[in-house]
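Have a look at the structure below before the remarks.
Just so it is clear, none of the values below were taken in a lab; they were calculated from the coordinates. This is a predicted model, so every value here is computed, not measured. Heads up, the Cβs are rebuilt from the backbone with ideal geometry, glycines too, and the neighbour counts pull from every protein chain shown.
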Amino acid sequence: MTKHECAVVTAYTEISMLRGDDLKYLYQYLSKFIDRPIFSHEIPAVCMQFREQIREDFLAICRNATDD
């Protein structure tokens, strides 16, 4: 699983799959929805507001999963 995919799963499930410097992938992913940098206190609201789009990204990851 890529770091970007971990960011999508984190945004959808609210279970953090990233930590430390890797959190930048979550910030980058969510920033695209609001067209600006995101602040940590905004993460829950942005995830809720864009829940359907995040869900579609999450399902795409699941549909493209391999047997490896």
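Restricting the chain to GluC sites (Glu not before Pro) that sit in a DSSP loop and have at most 11 other Cβ atoms within 10 Å of their own Cβ leaves 14.
Here the Kirkwood formula puts the hydrodynamic radius of the chain at 12.1 Å, using every distinct Cα pair. Rounded to the nearest 20 debye, the dipole size of the chain about its Cα centre is 180 debye, using +1 on the Cβ of Lys and Arg and -1 on the Cβ of Asp and Glu. Considering helices alone, the calculated mean residue ellipticity of the chain at 222 nm is -18500 deg cm²/dmol, with DSSP H runs of length four and up weighted by -39500 (n - 2.57) and normalised per residue.
Name the residue farthest towards the positive end of the dipole of the chain from the options 62, 7, 40, assuming +1 on Cβ of Lys and Arg, -1 on Cβ of Asp and Glu, about the Cα centre. Of the listed residues, the answer is 40.
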